[in-house]
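Take a look at the structure below.
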Amino acid sequence: MRTGMITFLFSLFSVTCSFAADMGGPKEVEALTAKEQAMIPIAALTAAGDMERLKPALEKGLDAGLSVNEIKEILIQLYAYCGFPRSLNGINAFMEVMKAREAEGIKDTVGKAASPLPKGMDRNAYGAEVRRKLMGVTEEPPAAGYQLFTPVMDTYLKAHLFADIFARDVLDHRSRELVTVSALAAMPGTEGQLRFHLGAAMNAGLSADQMRAFVTVLEAKVGAREANVARQLLRDLLTAGDG
């Protein structure tokens, strides 16, 4: 009798934990909206090339309220961080998900399309300003490192990534940085870039609690390795900020 009761309680505990994980994990994840939580695995699994887990993540993103165009925009932006092959694989996976949902009669919200960029926009200046804001500085730091060694890369970053892409108004900069840190956390060897973008995400408006929630969701929906790297870098960042 006692053994049976222990088995029952263990089973009940397992079901409860599974339900809690499916609902997003600990209460701290509520610092992020359901849509923001859904962006994390979409970006990370696309960057990791894990199409098997990406498809259900895309479905959950739509169910959480992300529009079709918002998800498209996530996948478009990711080519700048994980390359065209994985970005296109993610887009093709999304097309399959959309086709299946349409066949089931599910009508998803398309959402707004990106507004045209202003005519005559100085993309280099716009991108430089965006980067300064993400860095948390008001003046352009002196060129150094790769900027001096390969100046064209600096031009691409300012005029294309932080202008052509970041100026598209389907996602705000806060959401774009959440997408970026999710993707970088999923890719080995990008700790330097992840460190920068964790700070950039906070400069774009994400709070310390929201960044901790990001790590929690990352662990629950993507993996422990990815979360551990992000957690340590975030801890170092927050500790340095306290000093």
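List of remarks:
- Scalar couplings 3J(HN,Hα) for segment 160-175, obtained by applying the Karplus form with A = 6.51, B = -1.76, C = 1.60 to θ = phi - 60°, are 9, 4, 7, 10, 3, 8, 5, 7, 5, 8, 6, 10, 7, 5, 4, 5 Hz; x denotes Gly and Pro.
- Accessible area of the chain belonging to carbon and sulfur atoms, whole % at 1.4 Å probe: 60
- Shown in residue order for segment 129-145 are the 3J(HN,Hα) couplings computed by the Karplus curve 6.51 cos²θ - 1.76 cosθ + 1.60 at θ = phi - 60°: 5, 4, 5, 4, 5, 5, 7, x, 10, 9, 10, 5, x, x, 4, 7, x Hz (x for Gly and Pro).
- With every protein chain in place and a 1.4 angstrom probe, the accessible-area ranking of SER87, SER207, largest first, reads SER207, SER87.
- Inter-part distance where segment 163-195 and segment 75-114 are each reduced to a Cα centre, Å: 17
- Computed from backbone phi with θ = phi - 60° and the Karplus coefficients 6.51, -1.76 and 1.60, the 3J(HN,Hα) list for segment 190-207 is 10, 4, x, 5, 5, 4, 4, 6, 5, x, 4, 4, 6, 5, 7, x, 7, 7 Hz; x is used for glycine and proline.
- Quarter of Cα convex hull surface for the chain, i.e. mean projection, nm²: 17.0
- Straight-distance candidates among the lysines for linking to LYS107, with alpha-carbon spacing under 28 Å and chain neighbours fewer than 8 residues away dropped: LYS35, LYS55, LYS60, LYS72, LYS99, LYS221.
- Scattering profile of segment 64-150 at q = 0.18, 0.23, 0.24, 0.25 Å⁻¹ [log10 I(q)/I(0), Debye over alpha-carbon scatterers]: -1.00, -1.19, -1.21, -1.24
- Accessible area per residue, Å², the chain with all protein chains present, probe 1.4 Å: 54
- Counting only protein chain heavy atoms and rolling a 1.4 Å probe, the accessible areas of HIS173, HIS197 rank, largest first, as HIS173, HIS197.
- Highest-first arrangement of 44-52, 139-147, where packing means the average Cβ count within 10 Å: 44-52, 139-147
- Helix-only arithmetic for the chain: the sum of -39500 (n - 2.57) across DSSP H runs with n ≥ 4, divided by the residue total, places the mean residue ellipticity at 222 nm at -22000 deg cm²/dmol.
- Shape analysis of segment 87-214 yields a ratio of the Cα radius of gyration to the Kirkwood radius, Rg/Rh, of 1.03.
The values are calculated or read from the model by the stated rules, or taken from the named source; none is laboratory data. Owing to the predicted nature of the structure, the values given are computational and were not obtained by experimental measurement. FYI the Cβ positions are ideal-geometry reconstructions off the backbone, even for glycines, and counts take in every protein chain you see. Side chains included, ligands, DNA and RNA excluded: accessible areas come from the protein's heavy atoms. Shrake-Rupley method; radii C 1.70, N 1.55, O 1.52, S 1.80 Å.
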